[in-house]
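The values are calculated or read from the model by the stated rules, or taken from the named source; none is laboratory data. Bear in mind the structure is a predicted one, so any value in this text is a computation, not a measurement. Don't worry about glycine lacking a Cβ; one is built from the backbone with ideal geometry, like all the others, and counts go over all protein chains shown. To get the accessible areas, we keep the full protein, side chains included, count just its heavy atoms, and leave off ligands, DNA and RNA. Shrake-Rupley method; radii C 1.70, N 1.55, O 1.52, S 1.80 Å.
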Amino acid sequence: VRYGTMRENVMGLTVVMADGSVVKTGSRARKNSTGYDLTRLLVGAEGTLGVITEVSVKLYGQPEATSSAVCEFDSLEGATQATMAIIQCGIPVARIELLDAPAVDAVNKYSALSLNVTPTLFFEFHGSTASVKEQATSAGEIAADYGGQSFQWTTSPEERAKLWGARHVAYYAAIALRPGCVGMPTDACVPISRLADVISESDADLKASGLVGPLVGHVGDGNFHYCIPMDASNPEEVAAIKAFGERLARRAIAAGGTCSGEHGVGYGKLKFLEEEHGAPAVAVMR
């Protein structure tokens with residue numbers, strides 16, 4: 001959250017275009033008002049306009065102190081509302097990740113952990129020793145207003161690694177719920193102000209569909225995924241998962257978001273481009 005997405009952190013590129021010419025974009029200057037912003041265009045094109053061979057990125061200093069925290073919630077709605085409040089209050093959180101109860105349960109089984117099976121937020125704070133403590137305290141107070149419990153934070157590298165370990169294996173833990181299945185992750189991103197509503201509606205939709213899909217969210221920027229283990233040999237199940245994914249995509253677009261925050265369009269979401277951007281914008285892209 002604190003450092004932005006990859007697009008904001010790319011300073012320049014070397015790109016081989018379709019005709020074989022080599023284009024260099026950007027500079028080391030902090031500001032540039034000459035020419036088109038080809039760097040952002042080429043990063044956003046995700047390889048369709050040329051092959052990126054070199055990337056210059058921003059570097060950040062190692063923070064004086066780093067702390068991580070975990071907070072359990074009574075409900076998924078409480079966790080998402082707490083996220084919205086923390087972001088809107090301007091607390092400079094480095095990252096906020098969400099695991100819903102099924103995701104926590106899957107992680108427990110996969111990694112032999114004993115986390116309470118309840119919606120859980122994972123935080124990381126960067127800064128000076130004093131500011132990290134202040135950020136964690138403020139986030140904990142806000143979380144408590146939305147049903148947050150057992151807000152635990154630590155600066156110990158070993159404890160931080162343990163806290164984040166659960167988050168890092170969530171995708172594999174979800175697939176392991178159904179041995180022999182493949183993972184079919186969804187991807188949607190919405191404005192922070194609509195995060196709670198969209199996740200609540202999507203969670204109800206998932207349950208009504210009879211599907212298993214732990215939720216993992218990079219909720220600090222409104223991005224979330226359902227990690228659905230899929231039996232590829234079952235046509236009805238495949239169709240149900242695709243239908244759920246399409247409803248989720250349209251729900252995100254209707255909320256002023258996007259059908260894909262990270263994974264890209266591909267064949268599966270090609271039909272949503274025009275719905276999201278409009279025919280004139282797609283024509284310009286072509």
* Asked: On the accessible surface of the range 141-286, probed at 1.4 Å, how many percent belong to carbon and sulfur atoms?
  -> 55 percent
* Given the rule -39500 (n - 2.57) for each run of at least 4 DSSP H residues, summed and divided by the residues of the chain, what is its mean residue ellipticity at 222 nm, to the nearest 500 deg cm²/dmol? -> -12500 deg cm²/dmol
* To do: State the number of lysine pairs found in the chain whose Cα atoms come within less than 23 Å, restricting to pairs 8 or more positions apart or on distinct chains.
  => 9
* To do: Taking Cα Rg over 2.2 N^0.38 Å as the quantity of interest, determine which of [x] 1.08; [y] 1.15; [z] 0.99 was computed from the displayed structure.
  => [x]
* To do: Take the Cβ-Cβ distance between residue 8 and residue 138 as r, set R0 to 25 Å, and report the resulting FRET efficiency rounded to the nearest 0.05.
  => 0.55
* Structure fact -> Computed over the chain, protein heavy atoms only, probe 1.4 angstrom, the accessible area per residue in square angstrom equals 53 Å²
* To do: Compare 233, 21 by solvent-accessible area with a 1.4 Å probe and give them largest first, with all protein chains kept in place.
  => 233, 21
* **Computed magnitude of the charge dipole of the chain (debye, nearest 20; Cβ of K, R +1, Cβ of D, E -1)** => 860 debye
* How much of residue 168 can a 1.4 Å solvent probe reach, expressed as accessible area in Å² and rounded to 10? -> 110 Å²
* To do: Place +1 on the Cβ of every Lys and Arg and -1 on the Cβ of every Asp and Glu in the chain, take the dipole about the Cα centre, and give the residue among 34, 87, 243 whose Cα lies farthest towards its positive end.
  => 34
* **Cubic angstrom per residue, convex hull over Cα atoms of the range 74-128** => 88 Å³
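Is the C-alpha gyration tensor of the range 147-223 telling us rounded, prolate or oblate? Criteria: a/c under 1.5 is rounded; beyond that, a/b larger than b/c is prolate, otherwise oblate. If you can, show how the numbers build up before the last one.
On the way: a/c = 2.13, a/b = 1.23, b/c = 1.74.
Oblate is the answer for the range 147-223, as a/c is 1.5 or above yet b/c matches or exceeds a/b.
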* How much accessible surface does residue 242 have with a 1.4 Å probe, in Å² rounded to 10? -> 120 Å²
* Asked: Based on the Kirkwood radius over alpha-carbon pairs, what is the Stokes-Einstein translational diffusion coefficient of the range 9-129 at 25 °C with 0.890 mPa s viscosity, in µm²/s?
  -> 135 µm²/s
* Exposed GluC sites (Glu not before Pro) absent: longest stretch of the chain, with sites in DSSP loops and at most 16 other Cβ within 10 Å deemed exposed -> 65-261
